[in-house]
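Novice: Below: one structure in structure tokens.
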Amino acid sequence: DGGITQSPKYLFRKEGQNVTLSCEQNLNHDAMYWYRQDPGQGLRLIYYSQIVNDFQKGDIAEGYSVSREKKESFPLTVTSAQKNPTAFYLCASSPRTGYNEQFFGPGTRLTVL
Amino acid sequence: AQSVTQLGSHVSVSEGALVLLRCNYSSSVPPYLFWYVQYPNQGLQLLLKYTTGATLVKGINGFEAEFKKSETSFHLTKPSAHMSDAAEYFCAVSVSAGGGNKLTFGTGTQLKVEL
């Protein structure tokens, strides 16, 4: 089945540690996105990538980093510089042109203790 | 820059009653508009979308929305609510430029369905 997978579903880390969230898609989409979701704030864009080896900052990129070495993978690292990392993180993908719909993964809930 | 406003962070309806979730957008160019639904601890699922053409758009699970340019609105409706409709709903706007697209989301409306 085609889709987007995110792992793990729940993640716990100690304050000060970097953590990497996985996002994989087999939809053959060029574009991929990372969002952060907090209660009452909707979804906010962290980073996005329209093509392999290229990515752009979104609205709240500080304290996060990404890589796009393969078309199907777009991992997100939450660094120790992110002041409030506890949140629900959603990955999405879309065809690069001709469509504007984004397809979402199931999300990873990160809790920093 | 585009933006989305969803009026009412929480809406409560009785089972069988009309569902109306409001969305207003701001965009300097013709927008693409979307409604997504999210169940607890899950990702977002597309309900429906407006790109061009017919302004009344039908989606999954009996939902529909009407694009009204003069009112800059894209309200979501369903004639008869079901308990399974209880979820959070997000309106989003996209302005495609130079390839690729970014979505701007509203803050969401939590729908509660009561017996």
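Novice: Given the options A:92, A:61, A:87, name the one that is open to solvent by less than 20 Å² (accessible area, probe 1.4 Å), under 30 Å from residue B:7 (Cα atoms) and touching an Asp or Glu at 6+ places or on another chain (Cβ under 8 Å).
Specialist: Unique residue meeting the criteria: A:87.
Novice: Now a separate question. Could you run through the stretch B:74-92 and say how many residues are open to solvent by less than 10 Å² (accessible area, probe 1.4 Å) and either under 8 Å from the mean Cα position of the chain (by Cα) or at pLDDT below 95 (or both)?
Specialist: 6
Novice: Let me ask something else about it. Having 2 or more residues that are among the charged types (D, E, K, R) and more than 14 Å from chain A (Cβ to nearest Cβ) is the bar; report the strands (runs of 3 or more DSSP E) wholly within the stretch B:23-111 that clear it.
Specialist: B:64-68
Novice: Kindly provide the set of residues from the stretch A:33-57 that are open to solvent by less than 50 Å² (accessible area, probe 1.4 Å), more than 10 Å from the chain's Cα centre (by Cα), facing chain B (nearest Cβ under 9 Å) and closer than 17 Å to residue A:110 by Cβ, ordered by number.
Specialist: A:37, A:43
Novice: Right, something else. Within the stretch B:36-73, restricting attention to residues that are closer than 17 Å to residue A:102 by Cβ, touching a residue at least 24 places away in the same chain (Cβ under 8 Å) and more than 9 Å from the chain's Cα centre (by Cα), which residue is surrounded by the fewest Cβ atoms within 10 Å (Cβ to Cβ)?
Specialist: Of everything passing the filter in the stretch B:36-73, B:59 is surrounded by the fewest Cβ atoms within 10 Å (Cβ to Cβ).
Novice: Still on this structure: Kindly indicate whether residue B:12 is among the polar types (S, T, N, Q) and either touching a residue at least 60 places away in the same chain (Cβ under 8 Å) or touching a Leu at 6+ places or on another chain (Cβ under 7 Å) (or both).
Specialist: Yes: the conditions hold for residue B:12.
Novice: When the residues of the stretch A:72-99 are narrowed to those that are in contact (Cβ under 8 Å) with a residue 12 or more places away in the chain and of a type in the set (Phe, Trp, Tyr), which ends up farthest from the other protein chains (Cβ to nearest Cβ)?
Specialist: A:74
Novice: Here's a follow-up. Would you check which residues across the stretch A:40-83 are assigned to a strand (DSSP E or B) and out of contact with any strand residue (DSSP E or B) (no Cβ under 7 Å at 6 or more places or on another chain) and list them?
Specialist: Our first condition is that a residue be assigned to a strand (DSSP E or B); within the stretch A:40-83, this holds for A:43-51, A:54-57, A:64-66, A:70, A:73, A:76-78.
Passing the criteria: A:51, A:54, A:70.
Novice: Taking the options B:20, B:44, name whichever one is at pLDDT 95 or above, within 20 Å of residue B:83 (Cβ to Cβ) and not basic (Lys, Arg).
Specialist: Details: B:44 fails: within 20 Å of residue B:83 (Cβ to Cβ).
After applying the criteria, what remains is B:20.
Novice: For the stretch A:56-113, which residues satisfy the criterion of being touching a Pro at 6+ places or on another chain (Cβ under 8 Å) and not hydroxyl-bearing (Ser, Thr, Tyr)?
Specialist: If the condition is that a residue be touching a Pro at 6+ places or on another chain (Cβ under 8 Å) and not hydroxyl-bearing (Ser, Thr, Tyr), then A:63, A:66, A:78, A:110, A:112 are the ones that fit.
Novice: Additional query: Can you find a residue in the stretch A:100-113 that is open to solvent by 60 Å² or more (accessible area, probe 1.4 Å), in contact (Cβ under 8 Å) with a residue 60 or more places away in the chain, assigned to a loop (DSSP other than H, G, I, E, B) and closer than 30 Å to residue B:9 by Cβ?
Specialist: Looking for residues that are open to solvent by 60 Å² or more (accessible area, probe 1.4 Å), in contact (Cβ under 8 Å) with a residue 60 or more places away in the chain, assigned to a loop (DSSP other than H, G, I, E, B) and closer than 30 Å to residue B:9 by Cβ, one finds at least one in the stretch A:100-113, hence yes.
Novice: Taking residue B:14 as meeting all but one of (1) open to solvent by 20 Å² or more (accessible area, probe 1.4 Å); (2) within 14 Å of another protein chain (Cβ to nearest Cβ), write down the number of the exception.
Specialist: (2)
Novice: As an exercise: evaluate residue B:23 against (1) within 12 Å of the chain's Cα centre (by Cα); (2) more than 24 Å from residue A:47 (Cα to Cα); (3) in contact (Cβ under 8 Å) with a residue 60 or more places away in the chain; (4) open to solvent by 60 Å² or more (accessible area, probe 1.4 Å) and give the number of the one condition it does not meet.
Specialist: Condition (4) is where residue B:23 drops out.
The values are calculated or read from the model by the stated rules, or taken from the named source; none is laboratory data. Here the structure is a predicted model, which is why all the values come from computation and not from measurement. Here Cβ is always computed from backbone atoms with ideal geometry, including for glycine, and neighbour counts include all displayed protein chains. Accessible surface is based on the protein model in full, side chains and every heavy atom, while ligands, DNA and RNA are left aside. Shrake-Rupley method; radii C 1.70, N 1.55, O 1.52, S 1.80 Å.
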